[in-house]
Amino acid sequence: MSHNKQFTLFMQKTAVHGWKVIFILEELGLTYEKVIIDIWKNEQKAPEFTKYNPNGRTPVLIDHRNNDFVIWESNAILQYLVDKYDTGRRLSVAPGTDEYFTQLQWLYFQGTGQSPYYGQAIWFNLYHAEKIPSAIERYRAEVRRVLGVLEGVLSNQEWLVDGRVTVADVSFVSWNAVIGDTMIENFDFEKEFPVAAKWHNRILERPAIKKAWEERNRLWAEIQRSKD
Ligand SMILES: N[C@@H](CCC(=O)N[C@@H](CS)C(=O)NCC(=O)O)C(=O)O
């Protein structure tokens with residue numbers, strides 16, 4: 001790669017999975033170069049990309065300081081980054097502890113309970129060729145169900161793991177931040193899920209995450225303007 005950064009991150013320009021990885025890279029002060037993959041041109045299915053990720057999806061991370069180690073699946077990437085580089089355990093808990101498995105539990109829930117359902121909510125709301133109201137409703141209901149789970153848990157504790165912010169909390173933020181724009185028009189997070197909304201805002205206010213998300217929103221607005 002023609003840069004001196006530690007990582008190369010292949011990602012779609014504004015999609016939540018890639019920004020989730022950026023949140024952690026920024027939080028840990030790690031250096032990276034973004035390579036934007038145009039999924040609407042199917043670049044993620046081309047051999048130059050599938051040689052890194054046989055699943056043909058973004059994001060993919062390459063660690064040049066670890067013999068160009070390649071890793072894909074966004075939560076595997078998060079786990080790799082914190083286990084290996086968050087040695088001060090600023091944003092994660094120590095491998096092998098009970099809390100570590102709780103952290104893993106939330107990361108699995110994010111990757112299997114939040115991400116695919118929210119993804120389908122976007123798909124049926126914005127991109128599916130036919131408008132299928134029952135599908136739109138099903139996935140909107142799932143979005144609210146997942147938020148209900150978080151609301152219930154966070155009503156009894158401030159953070160998901162170990163009484164402090166960790167990668168588990170951060171993993172939920174990018175999807176929750178795009179509900180109103182892409183899944184449920186006029187969604188009022190604060191009104192419907194006040195406790196989860198406060199938790200979400202606390203994470204988004206962290207300087208590294210705030211800066212990254214502002215950049216993502218600038219890119220998103222640019223794309224929306226170009227469609228007008
Ligand atoms: N489970 C995967 C999902 C990745 C994913 O769906 N990526 C989207 C963009 S954010 C993608 O590459 N879509 C293109 C496609 O499905 O062909 C992860 O968490 O990394």
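Quick notes
- Number of residues in the stretch 1-10 that are in a loop (DSSP other than H, G, I, E, B) and either within 16 Å of the ligand (Cβ to nearest atom) or among the charged types (D, E, K, R) (or both): the value is 1.
- Within the stretch 143-192, the set of residues being surrounded by fewer than 16 Cβ atoms within 10 Å (Cβ to Cβ) and not in a helix (DSSP H, G or I) comprises SER155, ASN156, GLN157, GLU158, GLY163, ARG164, GLU185, ASN186, ASP188.
- Scanning the stretch 170-225 for residues that are over 30 Å from VAL82 (Cα atoms) and either among the basic types (Lys, Arg) or in contact with a His (Cβ under 7 Å, 6 or more places away or on another chain) (or both) yields a count of 2.
- Only listed residue being modelled with pLDDT of 95 or more, within 16 Å of the ligand (Cβ to nearest atom) and of a type in the set (Asp, Glu), chosen from GLU73, GLU137: GLU73
- Residues that are more than 15 Å from SER115 (Cβ to Cβ), within 9 Å of the ligand (Cβ to nearest atom) and among the basic types (Lys, Arg), drawn from the stretch 11-59: LYS45
- Residue in the stretch 76-84 that is within 9 Å of the ligand (Cβ to nearest atom), under 23 Å from THR166 (Cα atoms) and either surrounded by 20 or more Cβ atoms within 10 Å (Cβ to Cβ) or not small (Gly, Ala, Ser) (or both) present: yes
- Checked against the criteria, PHE49 does not count as surrounded by fewer than 17 Cβ atoms within 10 Å (Cβ to Cβ) and without any contact (Cβ under 8 Å) to a residue 40 or more places away in the chain.
- Being within 10 Å of the ligand (Cβ to nearest atom), of a type in the set (Ser, Thr, Tyr) and outside the structural domain of TRP40 (by TED's automatic domain parsing) is a property that holds for SER115.
- Filter pass, TYR118 being within 17 Å of TRP19 (Cα to Cα), among the aromatic types (Phe, Trp, Tyr) and crowded, with 19+ Cβ neighbours inside 10 Å: yes
- ARG90 vs. criteria at pLDDT 95 or above, surrounded by fewer than 17 Cβ atoms within 10 Å (Cβ to Cβ), more than 15 Å from the ligand (Cβ to nearest atom) and not hydroxyl-bearing (Ser, Thr, Tyr): yes
The values are calculated or read from the model by the stated rules, or taken from the named source; none is laboratory data. Quick caveat, the model's predicted, so the values are computed rather than measured. Glycine also receives a Cβ, built like all others from the backbone with ideal geometry; neighbour counts cover every protein chain displayed.
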